[in-house]
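Written out below as structure tokens is the structure these notes cover.
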Amino acid sequence: MTSVSRALLALCSLPFCILAQPAGPPYSIVGAAGAPFVLGDGGPATSAILRSPQFIAVDAAGNLYIGESLGYRFRKVTPGGVITTIAGTGASGGPITGRQATASAIDSASGIALDSNGNIYFSEQAVWKISASGALVTVVGNGAYS
């Protein structure tokens, strides 16, 4: 492990992510059993519902980002344990460049990466960026399904 990398171990399956992080906030369980469409936004991550969480990333501030492939969303968990939706409406559909990420449908919350400027990247028939202002930008590809 280099001095700039952070290790994060995760086991994700509907509706939980069990996490271990050697340095930083002590995450243990994110997600809870219950009705599949109750999000828990603005509340404790341990009470939120995650629909097939499969992709995760952690930023330098200790925020945890989760891609829900069946929830059609990306979620953020703060070091204080509060969860919010940062992209996706919960409906399946293609992202739209220029639209706020929380107002755009996402078909498959696949892959997630972060940069040092606060941008979030994910893949869905293209590589998309969620800018620090929350807008979607196409980075590579045209987003067309073939």
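We did not get these values from a lab; they are worked out from the coordinates using the rules stated. Note that this is a predicted model, so its numbers are computed, not measured. Counting neighbours? That spans all protein chains shown, and the Cβs are built from the backbone with ideal geometry, glycine included.
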Item to check | Separation in nanometres of the label points that stand 7 Å from Cα toward Cβ, at T46 and L114 | outcome: 2.2 nm
Checklist entry - Using a basic spin-label model with each label point 7 Å from the Cα along Cα→Cβ, how many nm lie between D59 and V127? => result 1.9 nm
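Need one number for segment 74-146: average projected area of the convex hull over its C-alpha atoms, nm².
4.9 nm²
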Checklist outcome for this item: Stretched fully, the stretch from V82 through Q100 gains (0.36 nm per residue minus C-alpha distance, one decimal, in nm) 4.4 nm
